[in-house]
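Here's the structure, in structure tokens; my notes come after.
The values are calculated or read from the model by the stated rules, or taken from the named source; none is laboratory data. Since the structure is predicted, the reported quantities are computational estimates derived from the model, not experimental observations. Because the Cβ atoms are built from the backbone with ideal geometry, glycine has one as well, and the counts that use them run over all protein chains shown. The area values use the complete protein model at the heavy-atom level, side chains included, leaving out ligands, DNA and RNA. Shrake-Rupley method; radii C 1.70, N 1.55, O 1.52, S 1.80 Å.
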Amino acid sequence: MRAVQANNTGAPDVLSVVDLATPEPGEGEVCLKVSYCGFNPMDAFARQGALTWMQLDFPFTPGIEHS
């Protein structure tokens, strides 16, 4: 699958399109195919490192709407 990721915080230029393995759902989970997704302002704040209460794991994949 294709995804947008950031390897560190910063300006929009830290984002890149990457190919990832399609995740497999675990027991009691489902996997949704998301064709299009809006960019939540919280994703931009996270990318900038402005969410001090949120610990980011890198690479960070925006998509707070679908977490």
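Of all the residues in the range 30-44, those that are among the charged types (D, E, K, R) and open to solvent by 70 Å² or more (accessible area, probe 1.4 Å) number 1. Among the residues of the range 9-18, which ones are more than 12 Å from the chain's Cα centre (by Cα) and open to solvent by less than 100 Å² (accessible area, probe 1.4 Å)? Once the filter is applied, which keeps residues that are more than 12 Å from the chain's Cα centre (by Cα) and open to solvent by less than 100 Å² (accessible area, probe 1.4 Å), the range 9-18 yields T9, G10, A11, P12, V14. So, of the residues in the range 19-29 that are open to solvent by less than 80 Å² (accessible area, probe 1.4 Å) and within 14 Å of T61 (Cα to Cα), which turns out to be modelled with the highest pLDDT? Checked the range 19-29; the qualifying residue modelled with the highest pLDDT is L20.
For the residues R47, R2, the requirement of being among the basic types (K, R) and surrounded by 10 or more Cβ atoms within 10 Å (Cβ to Cβ) singles out R47.
Please go through the range 30-51 and give me each residue that is more than 14 Å from P62 (Cβ to Cβ) and of a type in the set (S, T, N, Q), ordered by number. Show your work before the answer.
Kept after step one, since they are more than 14 Å from P62 (Cβ to Cβ), are these residues of the range 30-51: 30-33, 35.
Residue satisfying the conditions is S35 alone.
Taken over the range 30-67, the criterion of being at pLDDT 85 or above, among the polar types (S, T, N, Q) and more than 22 Å from M1 (Cβ to Cβ) is satisfied by Q48 alone.
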